[in-house]
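Worksheet for the structure shown next.
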Amino acid sequence: MKAVRSAVALAALAIAPSLLAQGSTADEIAKYRAALQDGNPAELWEGRGEALWKQQRGPKNVSLERCDLGLGAGVVKGAYAQLPRYFADADRVMDLETRLVWCMVTLQGYSEADAKKNPFGNGNDRKSDLEALTAYITSESRGVKMNVPMRHAKEAEAYRVGEKLFYFRGGTHDFACATCHSEEGKRIRLQDLPNLTTAEGAQKAYTTWPAYRVSQGELRTFEWRLYDCFRQQRFPELVFGSDAAIALTMFLARNANGAPFDAPAIKR
Amino acid sequence: MDEMRRRLIQSGGGMTLLGLLLAAGWIKPEEAQAQAQTWNKAAFDTHSLSDTMKALGGGDPAQSKDIVFFQTPEIAENGAVVPIGVTSNIPKTESIAILIEKNPNLLAAVFDIPTGTETSISTRVKMAQSSNVYALVKADGKYYVAAKDIKVTLGGCGG
Amino acid sequence: MRSYARLGLLVVTAIVGGGCATALDESETAAKAAAALKASFRPAGQAGVDRLEQDETQRVCSLAAGKAPPKDVAAMIEQANLATIRYPADGKLLGDWKNGERIAQEGRGKQFSDDPKGPVGANCYACHQLSKGELSFGTIGPSLYQYGKLRGNSVDVQRYTFGKIYNSEAFAACTNMPRFGHKGILSEQQIKDVAALLLDPASPVNQ
Amino acid sequence: MADPMKIRATTLGDSTEVKVLMSHEMESGQRKDAQGQTIPAWFIQNVIVTWNGRTVLSAQWGTAVSKNPFLSFKFKGGAKGDRIAISWMDNRGDKRSDETVIA
């Protein structure tokens with residue numbers, strides 16, 4: 001009993017500063033985020049992804065090391081900073097995840113359905129190879145300046161379509177991407193919302209995905225970010241690697257040009 | 001580590017962790033003997049600080065200003081991952097434990113600290129709700145404690 | 001609802017500037033975007049692809065692309081939405097603020113991942129400060145702390161508050177706020193409860 | 001089979017800092033699945049860190065340690081090239097051992 005009493009007394013002491021003003025809430029959240037930077041479990045995905053990239057797999061039993069991510073066959077360093085982009089062999093603008101599926105199909109001989117059957121992992125029993133590969137490849141662009149090209153007509157078209165979709169309001173709640181992401185200094189609950197219509201906002205947001213989400217204990221890619229935004233927008237389900245996903249990625253990645261890429265990150 | 005040894009280690013089902021380390025040559029036999037490899041189920045099953053203390057075989061812990069939290073925020077954005085750093089400046093510190101008052105089970109972790117290792121550890125714990133977090137230090141056979149109140153906020157959207 | 005078929009063009013010309021080449025480019029992009037949408041979403045849970053079919057308000061406000069629509073367009077949007085508001089038949093505009101608080105905290109409802117039989121909230125705190133006690137609030141909308149204390153509790157204020165929750169577009173064209181009653185997100189009783197949260201003198205909002 | 005740990009061991013003058021990330025669910029035993037069934041607890045119970053065969057830290061963990069655990073500490077001594085080995089065992093008896101050299 002004595003131990004309990006002393007614990008209660010201690011609790012009263014510790015709780016004294018608990019009526020926190022808003023300013024200090026933001027400060028403390030900033031401290032929380034800073035404390036997480038040291039030791040990002042995303043590294044576990046990066047390690048697995050690198051092994052997957054180099055491992056001979058699939059019906060053709062070859063590695064992905066000859067996959068062309070836009071900078072030539074097998075070039076990983078800096079590739080993500082120049083994606084999405086137009087690929088002549090596929091005659092399509094592709095983001096990283098779509099390109100990985102392409103390489104798994106054309107090089108390793110997987111069916112397209114097999115290659116993209118598990119885009120977003122869930123726990124130990126359903127680890128996603130695509131998330132791990134994405135973690136590895138994006139980590140190889142850390143510190144590289146975003147430089148998404150807009151030379152090909154289809155790249156320009158994807159950008160314009162992406163912009164259009166950004167402002168598309170629909171669903172039960174009339175939400176668009178722009179509802180939450182077109183003003184400065186706003187937040188939802190305590191989460192700061194980037195203004196994705198400015199270069200600064202797009203840079204800050206885009207260069208910090210993929211991210212290890214502590215709320216889920218999973219590494220999440222930019223495709224997942226879009227997928228889950230639309231879920232919360234009360235839209236139907238965004239199809240992985242779809243035109244809308246790639247167009248929106250193009251819009252945001254291009255807007256982030258000029259900023260050094262800095263992911264995989266760690267986020268709430 | 002060569003592949004053969006890795007496979008040997010991986011196939012070590014049924015062995016204790018120390019047996020495993022011994023087999024791998026990572027730990028000396030005398031070390032293995034010194035390390036009684038246990039998991040204190042009774043202590044991890046407790047629901048109050050006094051019960052935890054009983055299970056650990058200790059008495060009423062004394063409050064101590066020589067136990068310091070570092071890199072430990074007052075507000076955690078998400079209770080699934082709360083960084084906790086504890087340094088004990090108490091001489092002859094043998095172990096540092098982290099307890100969370102309002103978790104279903106109080107005891108989160110116990111770190112046994114041999115001589116030569118700094119009496120400071122940093123890890124991450126889950127918190128079911130806003131709660132006091134206790135750092136419990138055993139030093140020279142006696143227990144000392146410090147507390148910190150940590151708030152856990154809600155998430156952003158519908159979850 | 002009064003049709004405003006011409007409004008789309010009106011908004012585009014007002015915002016894009018109206019050059020022929022731009023308008024053509026714009027309509028081509030719009031067609032590509034529509035095709036991309038159609039090809040990129042599939043039904044999941046309670047969310048069918050019909051949710052991508054825009055009503056007039058959604059269509060016009062999408063064209064405004066984050067900017068304020070022209071004044072005459074805004075007036076037409078507000079008028080059309082005002083006509084949709086169904087005030088309670090019993091004349092009682094306020095419910096139970098305690099239920100209102102639960103509804104204001106509840107973030108679930110209408111997502112494809114939500115149980116269709118599960119709770120549907122308004123998630124007011126996501127965008128608004130309401131009470132001093134809840135630190136976790138958003139700032140997309142204005143602070144509503146002391147909403148009732150500042151405005152009083154007259155029938156006019158009650159009607160405005162109920163109506164604003166029911167269909168926000170009736171009072172501010174192209175607002176970010178959902179139309180909780182008009183789009184069937186909240187029931188009449190739930191809207192009354194949220195209105196009570198804002199106006200009841202005993203509610204934490206007014207402390 | 002669990003994924004490899006990520007271990008960093010760095011000399012800082014007369015001491016060595018060890019940081020490790022482990023791949024583990026650390027299922028609390030408190031959560032329920034979609035069918036309302038409790039998901040059984042599954043968590044690392046014991047961790048041992050050795051430096052050239054000598055134990056520099058051992059730990060007992062409960063279910064409250066976060067998923068994909070992180071641990072950081074320092075010990076006196078250690079030189080570039082020395083071996084740091086870390087092992088864990090969970091409540092199902094699964095084990096994982098990895099090692100690195102001090103950088």
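The values are calculated or read from the model by the stated rules, or taken from the named source; none is laboratory data. In this text, all values refer to a predicted model and were calculated from it rather than measured experimentally. We place every Cβ from the backbone using ideal geometry, glycine too, and count neighbours over all the protein chains shown. Protein only, heavy atoms only, side chains kept; ligands, DNA and RNA dropped before computing areas. Shrake-Rupley method; radii C 1.70, N 1.55, O 1.52, S 1.80 Å.
Some notes on this structure:
- Think of segment A:2-267 as a dipole: +1 on every Lys or Arg Cβ, -1 on every Asp or Glu Cβ, centred on the Cα centre; then among A:209, A:78, A:98, A:209 lies furthest on the positive end.
- Buried area at the A-B interface (accessible, heavy atoms, 1.4 Å probe, summed, Å²): 2900 Å²
- For segment A:120-162, the average shadow cast by the Cα convex hull is 4.7 nm², which is a quarter of the hull's surface.
- For segment A:41-79, a decrease in accessible area of 50 Å² or greater in the assembled protein chains relative to the isolated chain, with a 1.4 Å probe, applies to A:43, A:44.
- Within the protein assembly as shown, helix-based [θ] at 222 nm, where runs of 4 or more DSSP H residues each add -39,500 (n - 2.57), nearest 500: -9500 deg cm²/dmol
- Farthest positive-ward along chain C dipole, Cα basis, beta-carbon charges - from C:199, C:125, C:162: C:199
- P(r) tail fraction, chain A - alpha-carbon pairs more than 33 Å apart, %: 25 percent
- Share of Cα-Cα pairs in segment A:193-233 lying beyond 13 Å, as whole percent: 60 percent
- Of the solvent-accessible surface of segment C:53-207, computed with a 1.4 Å probe and all protein chains present, 53% belongs to carbon and sulfur.
- Once divided by 2.2 N^0.38 Å, the Cα radius of gyration of chain D becomes 1.21.
- Length gained on full extension, residue A:65 to residue A:150, computed as 0.36 nm times the residue gap minus the Cα-Cα distance: 28.0 nm.
- Database remark: amide H of residue D:96 closer than 5 angstrom to the amide H of D:88 (H placed geometrically; neighbours at sequence offset of 5 or more, or on other chains; Pro and chain starts carry no H).
- Surface share of carbon and sulfur [accessible, 1.4 angstrom probe, percent] for segment A:87-218: 49 percent
- For the set B:47, C:128, solvent exposure ranked by accessible area (probe 1.4 Å, protein chains only) runs largest to smallest as B:47, C:128.
- Dipole magnitude (debye, nearest 20) for the protein assembly as shown, charges at Cβ of Lys, Arg, Asp, Glu: 360 debye
- GNM result for chain C, Cα springs below 10 Å: residue of C:80, C:65, C:39 fluctuating most strongly: C:39
- For segment B:103-152, the normalised intensity computed at q = 0.14, 0.17, 0.18, 0.20 Å⁻¹ comes to -0.43, -0.62, -0.69, -0.82 (log10 of I(q)/I(0), Debye sum over alpha carbons, equal scatterers, no solvent).
- Cysteines in chain A lacking any other cysteine Cβ under 4.7 Å from their own Cβ: A:177, A:180, A:229.
- Applying 0.36 nm per residue to the separation of residue C:71 and residue C:29 and subtracting their alpha-carbon distance, the gain on full extension is 12.5 nm.
- Using θ = phi - 60° in the Karplus curve 6.51 cos²θ - 1.76 cosθ + 1.60, the 3J(HN,Hα) couplings for segment C:58-66 round to 4, 5, 5, 5, 5, 5, 5, 6, x Hz; x is entered for Gly and Pro.
- Per residue, the accessible area of segment C:97-206 comes to 39 Å², computed with a 1.4 Å probe over protein heavy atoms only.
- On the beta carbon distance between residue D:39 and residue B:48, with R0 = 22 Å, the FRET formula returns roughly 0.30.
- Converting phi to 3J(HN,Hα) with the Karplus coefficients 6.51, -1.76 and 1.60 and the offset θ = phi - 60°, segment C:154-166 yields 5, 4, 4, 5, 4, 5, 4, 5, 4, x, 5, 6, 5 Hz in sequence order, with x at every glycine or proline.
- Charged side chains reduced to their Cβ positions (Lys and Arg at +1, Asp and Glu at -1) give segment C:48-207 a dipole of some 260 debye around its Cα centre.
- Residues whose amide H lies under 5 Å from that of residue A:87, counting only those 5 or more places away or on a different chain, are A:92, A:93, A:94; hydrogens are built 1.01 Å from N in the peptide plane.
- Peptide C:60-67, shielding by other chains (average Cβ, 10 Å cutoff): 6
- Our coupling estimate for segment D:32-44, obtained by passing each phi through the Karplus curve with A = 6.51, B = -1.76, C = 1.60 and θ = phi - 60°, is 10, 7, 4, 8, x, 7, 5, 7, x, 4, 8, 8, 5 Hz, Gly and Pro reported as x.
- Mean per-residue shielding of peptide A:117-126 is 1, counting Cβ atoms of other chains within 10 Å of each Cβ.
- Using all pairs of distinct alpha-carbon atoms, the Kirkwood hydrodynamic radius of segment A:142-199 works out to 13.5 angstrom.
- Listed residues C:134, B:74, A:28, A:112 arranged by accessible area, highest first, probe 1.4 Å: A:112, B:74, C:134, A:28
- Under a model in which nothing but the beta-carbon of Lys, Arg (+1) and Asp, Glu (-1) is charged, segment A:2-267 shows a dipole of about 440 debye around its Cα centre.
- Quotient of C-alpha Rg and 2.2 N^0.38 Å, computed over the protein assembly as shown: 1.05
- Once the Cβ-Cβ distance of residue B:142 and residue D:76 is raised to the sixth power relative to R0 = 22 Å, the FRET efficiency obtained is 0.40.
- Look at the stretch A:181-189: the mean tally of other chain Cβ atoms within 10 Å of its residues' Cβ atoms is 6.
- Spatial separation of Cα centroids for segment D:6-34 and segment A:123-142, in angstrom: 19 Å
- With viscosity 1.567 mPa s and temperature 4 °C, the Kirkwood radius over alpha carbon pairs of segment C:97-206 converts through Stokes-Einstein to a diffusion coefficient of 93 µm²/s.
- Each of residue C:153 and residue D:10 was given a label point 7 Å from its Cα along the Cα-to-Cβ line. The distance between the two points is 6.1 nm.
- Taking segment C:160-178 and a reference point 7 angstrom along Cα→Cβ of residue C:99, the backbone N atoms nearer than 20 Å belong to C:160-167.
- Backbone N atoms of segment A:122-143 closer than 19 Å to the 7 Å Cα→Cβ label point of residue C:42 belong to residues A:122, A:128-131.
- Rg/Rg_ref, chain C, where Rg_ref = 2.2 N^0.38 Å and atoms are Cα: 1.14
- Positive-end residue, the protein assembly as shown charge dipole about Cα centroid, Cβ charges, pick of A:115, C:61, C:81: C:81
- Per residue, segment D:58-103 exposes 31 Å² of accessible surface when a 1.4 Å probe is rolled over the protein heavy atoms with every protein chain present.
- FRET efficiency, 1/(1 + (r/R0)^6) with R0 22 Å, evaluated for residue A:184 and residue A:122 via beta carbons: 0.05
- Heavy-atom accessible surface that B and D bury in contact, both chains counted, 1.4 Å, Å² to 100: 3800 Å²
- Candidates C:31, C:75, C:196, ranked by Gaussian network fluctuation over chain C, Cα under 10 Å, top entry: C:31
- Taking amide H as placed 1.01 Å from N in the peptide plane, residue B:108 has its amide H under 5 Å from the amide H of B:98, B:99, B:100, each at least 5 places away in sequence or on another chain.
- Difference of contour (0.36 nm per residue) and Cα-Cα distance, residue C:117 to residue C:202: 27.5 nm
- Choice from A:113, A:42, A:176 showing the highest fluctuation, given a GNM over chain A with Cα pairs closer than 10 Å: A:113
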